[in-house]
Amino acid sequence: MIPRVTSPYPMWDAADREDDARALARGERVLDEGHETPASTVLDADWDEVLDMPLQLALADPAGRGAGRRFRDADRRSPDRHGGFPRLPGGGARGLALEGASRGMSEVTRSMQATAAVSAAYADRRRRAMPNGWWGVALLIATEATLFGCLIATYFYLAFQDKQWPPAGVPDPKVALPLVLTAVLVATSGPMLLAVRAARRANVARARLWVLLALLVQGAYFGLQMHQYLADLDKFSPADSAYGSIYFTLLGAHHAHVAVGILLNLWLLAKLLGGLTNYRMVGLRVVAVYWYFVNVAAVGVVLTQLYPSL
């Protein structure tokens, strides 16, 4: 049956709530009276999880009753039974709605964000299949791995065809600094992994801290590498030889991927300031997987770059 929409927020209208109750009595809707939606696994379309609708509108009246019903089950599932999360005061969101007048809307918002973090962490642990975002980044990594594979193969093909590599007048690359910088970049896989683990425990503050630490190190790496990249451009040009062409193309591609990762971390930090939701949890996992790939690619790039000096 096609739903009838009568306002910009039909899921939260009083009339819509009454229609949901009548539909539920007829057995037409069973997912918390219309405020949740089922999700299936990507490959087999098997039942996977129940996704909550957006939380922000739950602060408005007449959403209080709907929010109370929606969070009642989350409050029943997540505290003390799965992961030892503390029970919310006032019996979940129904209590939050009643306490709003005395405690202030900001405290209610923080409590709802904490509940959302618990729900997102619980849903992530219960997930049977990888989320769509994970499959998207997997396809991206497959294409970008092909790109780097072609660039590295081109580098060695040209090196084996040329009698002098690099050509006369071009100094051999220095070994120490690129290796140290690459080791530092690879080490940022640790904070990204810890950020995901913290988010899965509903510890949003610690997840933000780990992402920020990784971002600071990645930013320092990018700044030093770009300084070295520009210094190399002063010594020789991509137009001078095949060596210069593939050298700057390979390093430029790698630096571009690092820049994209830094932008993703900045976006992720901005989102996590508003708390943790199921979609932000997926985003954190996806960005972490992207950085794992970038760090692995960095090892292949630096070893290729240093080949004449090894």
Before anything else, pin down the relative contact order of region 132-309: Cα pairs under 8 Å, at least 6 apart, normalised by residue count, whole percent. 38
Using only alpha carbon positions, build the gyration tensor of region 132-309, then give the equivalent ellipsoid semi-axes as the square roots of 5 times its eigenvalues, largest first, whole angstrom. 35, 16, 12
Most exposed first, judged by fewest Cβ atoms within 10 angstrom, Val175, Val258 run Val175, Val258
Hey, could you get me the Stokes-Einstein D for region 155-198, Kirkwood radius over alpha-carbon pairs, 20 °C and 1.002 mPa s, rounded to whole µm² s⁻¹? 157
Expressed as a whole number of Å, what is the distance separating the alpha-carbon centroids of region 234-269 and region 154-177? 18
Within straight cross-link reach of Lys174, meaning Cα distance under 30 Å, which lysines are found once same-chain residues fewer than 8 apart are removed? Lys163, Lys235
Give me the extension gain from Ala253 to Lys163: residue separation times 0.36 nm, minus the current Cα-Cα distance, reported in nm with one decimal. 29.8 nm
What order do you get for Asp46, Asp232 when you list them from fewest to most C-beta neighbours inside 10 Å? Asp46, Asp232
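Each value in this text was obtained by applying a stated rule to the coordinates, not by laboratory testing. Just so we're clear, the structure is a prediction, and the values are computed from it rather than from any experiment. Neighbour counts are summed over all protein chains in view; Cβ atoms, including those assigned to glycine, are modelled from backbone coordinates with ideal geometry.
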